[in-house]
Amino acid sequence: MGYLDAIYTRQSVDRIDSISVESQTEFCKKEVSDGQYRIYTDKGYSGKNTDRPAFQKMMQDIESGEIRRVIVYRLDRISRSVLDFANVIDVFQKYQVDFVSTMEKFDTGTPIGKAMLMIVMIFAQLERETIQQRVIDAYSSRSKRGFYMGGRVPYGFQLKDTVIDGVRTRMYEPVESETKVIRTIFALYSEPQTSFGDVMRYLIQLGVVKRNGKPFNRSQIRELIVNPVYVKADYRLYEFFKVQGTQIVNNPEDFIGTNGAYLYSGENKTRKTNSLQGHVLVIAPHQGMVDSETWLKCRSKCLNNKSVAKPLKAKATWLAGKIKCAKCGYALVSKVYRCKTKLNNRYYLCNNKYSAGGCDFHSLDADVVDAIVLKEMRKKLDSFQTLSKRQQDSFNLKTIQLKNQMESLDQEISSLLDKISTANDTVMAYINRRVSELDAQKKELSMQIIQLESQKQDHLDVISDYMDHWEELSMADKLTVVDSLIVSVHASEEKIEIKWKI
């Protein structure tokens, strides 16, 4: 069978001012060149889209190579949407099918017709970009208001219906049994010497599995750890993301330590697990599970991407993972040489010493190095003024006063809410306005309490107490103290250089 002309006709409804499909066909026949044609008719179908049986059959015949031209009475017989029309023309061009409209004298087989087609395509592209921008703007607007934006529900949560700003949506709700697992994972990984592998093996030993019945792997544990959906977002979290270059939608006073947070991809296309620069943080409507101190320990650990010493390797030294060779930068490892006639000797050796073309580092007496570093740690802490008892009492008194003020605000809010059932419109408006004012005051007081607590921690009084009882500490506690104070220690026969965190 040779190539055919396709005559397409469409009529939405039978009306006096609506040209019939029969009349459309007669007009189109005048454009048929050699008498070979096939008629496709959709009667009673709107032009708002292309979901019409005869039209779809014609498109299938075009794709199978049977049609050489498509003829219509008017352009709007194809579609009333410029975007749909442009998409159809794209298919016509792909299969080298010309398009003719009898009323508009539109023929893509002529230079004028091609020029007109280009104009239509330009407007169609504009409409595509406009629609795309509307979708992006709508997504951005909804996400910044804390709406559920779809996707896989994180482990530890389930969905429930809710209303936000008068709009029906959904939100996360903690699952009690899974919440315990989440907190266990964060507690384990917050320890400096614990790796993702350690957490994974611990969960396997406990028989903990995901919802599909399979055990957690390392990458899944990492994705869980870095997700702020679990954290109780307070002022510390706000400061952390602000320093990282994250766009924060909410004001600082909204970070009151109760709700979780959503992190969306922003202008920066890097993975959210690797960088936080340019991404967008929004307070979520659901309750968080993990305190900010624990979450920040874990997240900072991931950002630093440091090799974490395993507990077994850390038995010989509390500088495991911190001490490096001053000559080549490789890790120094602690080796114990056992003797029958005297006490065992412990040395630091360069991990690069025995590789091809390796380091010429000589061994160092580990006890001597550790003693020097411990002495420097004490000196560093002494240079920071710890809180006096009077200062501590002052902080505690201010905190108690602020909490009492919050309690008074809660009582006033409760009293106002009790009056809603009997209130008229005027009183209702006053109650809503007053409750909003009181809620704003509560947020401000909460932020002040958080700042006071942060000031107490900034003086390192807890770490100082640990240092006073150094010999009584477990290896895990010593590793924690060192990780709080030291970034790295570079050692050689000539010098020991310490890079501090404080």
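Structure values in brief
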| item | result |
| --- | --- |
| Selection from region 164-174 of residues that are modelled with pLDDT of 80 or more and open to solvent by 30 Å² or more (accessible area, probe 1.4 Å) | R170, E173, P174 |
| Residues (open to solvent by less than 60 Å² (accessible area, probe 1.4 Å) and not β-branched (V, I, T)) located in region 218-235 | Q220, R222, L224, N227, P228, Y230, A233, D234, Y235 |
| Filter result (at negative phi, modelled with pLDDT under 75 and surrounded by 15 or more Cβ atoms within 10 Å (Cβ to Cβ)) within region 453-474 | E453, K456, H459, D461, I463, S464, Y466 |
| Restricting region 236-260 to residues that are more than 18 Å from L276 (Cβ to Cβ) and not hydrophobic (A, V, I, L, M, F, W, C), the residue that is most open to solvent (accessible area, probe 1.4 Å) | N251 |
| Cβ-Cβ under 6 Å pairs, at least 6 apart or on other chains, region 418-431 side of a type in the set (V, I, T), far side assigned to a helix (DSSP H, G or I) | I431/L416 |
| Tally, over region 66-119, of residues that are open to solvent by 40 Å² or more (accessible area, probe 1.4 Å) and among the small types (G, A, S) | 2 |
| Extreme residue, modelled with the lowest pLDDT, among residues of region 261-274 that are open to solvent by less than 30 Å² (accessible area, probe 1.4 Å) and in a loop (DSSP other than H, G, I, E, B) | T273 |
| Odd one out for V369, checked against (1) modelled with pLDDT under 85; (2) part of a helix (DSSP H, G or I) | (1) |
| Of all residues making up region 180-225, the number that are under 21 Å from A320 (Cβ atoms), free of Cβ contacts under 8 Å to residues at least 40 places away in the same chain and of a type in the set (F, W, Y) | 2 |
| D51 being loosely packed, with under 13 Cβ neighbours inside 10 Å and over 51 Å from the mean Cα position of the chain (by Cα) | no |
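Residues checked against (1) in a loop (DSSP other than H, G, I, E, B); (2) under 18 Å from R346 (Cβ atoms); (3) of a type in the set (G, A, S); (4) at pLDDT below 85:
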site	(1), (2), (3), (4)
G278	yes, no, yes, yes
V282	no, no, no, no
H286	no, no, no, no
T294	no, no, no, no
C298	no, no, no, no
K306	yes, no, no, yes
K310	yes, no, no, yes
A314	no, yes, yes, yes
W318	yes, yes, no, no
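The values are calculated or read from the model by the stated rules, or taken from the named source; none is laboratory data. Everything numeric here is computed off the predicted structure, so don't read it as measured data. Heads up, the Cβs are rebuilt from the backbone with ideal geometry, glycines too, and the neighbour counts pull from every protein chain shown. Please note that ligands, DNA and RNA were not included when accessible areas were found on the heavy atoms of the full protein model with its side chains. Shrake-Rupley method; radii C 1.70, N 1.55, O 1.52, S 1.80 Å.
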